[in-house]
1. Please compute the Kirkwood hydrodynamic radius of region 1-102 from all pairs of different C-alpha atoms, in Å with one decimal.
2. Take the Cα gyration tensor of region 144-223, multiply each eigenvalue by 5, square-root it, and list the three semi-axes largest first, rounded to whole angstrom.
3. Rounded to the nearest whole Å², what accessible area per residue is found for the chain with the 1.4 Å probe?
4. Need one value: the accessible area of residue 137 in square angstrom, 1.4 angstrom probe, rounded to the nearest 10.
5. In Å, what Kirkwood hydrodynamic radius results for region 118-277 from the alpha-carbon pair distances?
6. Sequence gap at least 6, Cα distance under 8 Å: using those rules, report the relative contact order of the chain to the nearest whole percent.
7. Compute the whole-percent fraction of alpha carbon pairs in the chain spaced more than 23 Å apart.
8. Taking only Cα atoms, what is the 0 to 90° angle, nearest 10, from helix 184-195's long axis to the longest principal axis of the chain?
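The values are calculated or read from the model by the stated rules, or taken from the named source; none is laboratory data. Just so we're clear, the structure is a prediction, and the values are computed from it rather than from any experiment. So basically every Cβ, Gly included, is an ideal-geometry build from the backbone, and we count neighbours across all protein chains shown. Ligands, DNA and RNA are stripped out before the accessible areas are found, and what is left, the full protein with its side chains, is counted by its heavy atoms. Shrake-Rupley method; radii C 1.70, N 1.55, O 1.52, S 1.80 Å.
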Amino acid sequence: MTAVGLDLGGSKIEAQIFDADWALTDKRRVDTPQNYHALLNAIGDLVAWSKADQPNVPIGIGAAGVLSADGRALTANLPATNYKIVHDIRAQIDGGIVYVNDGRAFALSEAVFGAGRGHDMTLGLILGTGVGAGMTWRGELVGEPHSIAGEIGHVAAPLSVCRDLPVIECGCGRSACYEAYASGPGLSRLALHYSGETLSPMDIADQKSKSPSVQMAWEKWCEIVSEMIITSSFHIAPDVVVLGGGLSKIAGVIDDLAIAVDKRALANVKRPKIVLAEAGDASGARGAAYAAYLKGQV
Ligand SMILES: [Zn+2]
């Protein structure tokens, strides 16, 4: 085996083992415990299983959220906020790990092995329970694996796209972040605003062609996500934007976003290509494993 990646999600933790060609050879999945000490134990058990045959294998752990300057986690979907999670995992497993933000892990995996291959600047964008993001330049992450570089979901959405909408408090503690409108719960908020109905993203995908008010919510979502992509273009000019997460599975999302970007971008300026992730749900663990492998090479 070459490396191990753990994907630490709000509902599942999955360990994946990769061979020398970066093919997935084995995996194991457990439910995510809802208290911190049980979480550390679960990670410890999966790491012990992963490295039973090869104690020195590089291990990367990908998780949502950010780390403070003194290493404390800020994460909405794990019971780990305010804990020094990297320090505590290292103590639990009695070894080293590389801790990677899930958006960064996704971007790295897609840039090296997936839809971002061969491009200079890639923006990986996860549109799911939250908005995760990361950027790579020629297959290398920009910023440290757990830095906030590229965290576009927590830039405030401009008045030009949300002046008619309620100001939403974001899970990060700031207000009116793109994530508050562009995530799955954000899309549901837009549907509630325009139609008065409580709808899941999949309901919205089904009903948008039949209901004018649900269609308005979908078009507003496309407008907001396209503005987020254009905002990133003014900072980093990605050649390609690779989409992942549950909302990327809605039929027609790529075409609708490309049209929305065309409407709002500067005239005659190159737009990023918008594409779907190739590795789907496997990207997070593989990106984390690859980041750990690279660290092991230094
Ligand atoms: Zn935020």
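1. Numbers: mean 1/r = 0.0735 Å⁻¹.
Every distinct Cα pair counted, the radius reaches 13.6 Å.
2. Working: eigenvalues 123, 36, 22 Å².
Equivalent-ellipsoid dimensions as semi-axes: 25, 13, 11 Å.
3. Numbers: 13470 Å² over 298 residues.
Heavy-atom accessible area per residue stands at 45 Å².
4. For residue 137, the solvent-accessible surface is approximately 110 Å².
5. Working: mean 1/r = 0.0633 Å⁻¹.
This gives a value of 15.8 Å.
6. Numbers: 627 pairs, mean separation 63.1, N = 298.
That works out to 21 percent.
7. Working: 23905 of 44253 pairs.
Counting every Cα pair in the chain, those more than 23 Å apart make up 54 percent.
8. Between the helix axis and the principal axis of the chain, the angle is about 20 degrees.
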